[in-house]
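All remarks here apply to the structure that follows.
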Amino acid sequence: MGYEWLSIAMFVGFFLLLMTGYPVAFSFAGTGLVFGLLGWLVGAFEPARLLLLPNLWFGTMSNFTLLAIPFFVFLGAVLEKSGLAEDLLETVGILLGPIRVVWR
């Protein structure tokens, strides 16, 4: 027996909860908990699978490509707080200001 209707119902429930003005984080958490319990009750979800999550998270965190994302965010925060980002943009504007760009 297919339980594909659960995913559609979960999306609709989340969307309706968002449309009522409820905060996004609580809408995600609420629909996840409600439909996790509903999936467990109908037999579509095994709570024992939650024990696998730390292994999946550690495997994702050891991916070097994904590690670049927080470093770029940190670099942007450092450049903004130090004022270097504004100086860099002004310098690029001065250097490239007289260059005319022709769009075709």
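Bear in mind these aren't lab numbers, they're just calculated from the coordinates by the rules spelled out. What you see is a predicted model; the values in this text were computed from it and never measured. Positions of Cβ are generated from backbone atoms using ideal geometry, with glycine treated the same way; all protein chains shown enter the neighbour counts.
How large is Rg over Rh for the chain, taking Rg from the Cα atoms and Rh as the Kirkwood inverse mean of 1/r across Cα pairs?
1.24
Per residue of the chain, what 222 nm ellipticity follows from adding -39500 (n - 2.57) for every DSSP H run with n ≥ 4, rounded to the nearest 500?
Per the formula, -24000 deg cm²/dmol.
Taking only the alpha-carbon positions of segment 1-45 and ignoring solvent, what does the Debye formula give for the base-10 log of I(q)/I(0) at q = 0.30 Å⁻¹?
-1.04
Which order do the peptides 59-71, 36-48 take when ranked by the mean count of other beta-carbon atoms within 10 Å per residue, highest first?
Order by mean packing, descending: 36-48, 59-71.
Expressed as an acute angle from 0 to 90° and rounded to the nearest 10, what is the orientation of the C-alpha long axis of helix 24-42 relative to the principal long axis of the chain?
For 24-42 against the chain, the angle is about 30 degrees.
Can you give the angle from 0 to 90° between the axis of helix 84-96 and the longest principal axis of the chain, with both taken from C-alpha atoms, to the nearest 10?
Here the helix axis deviates by roughly 50 degrees.
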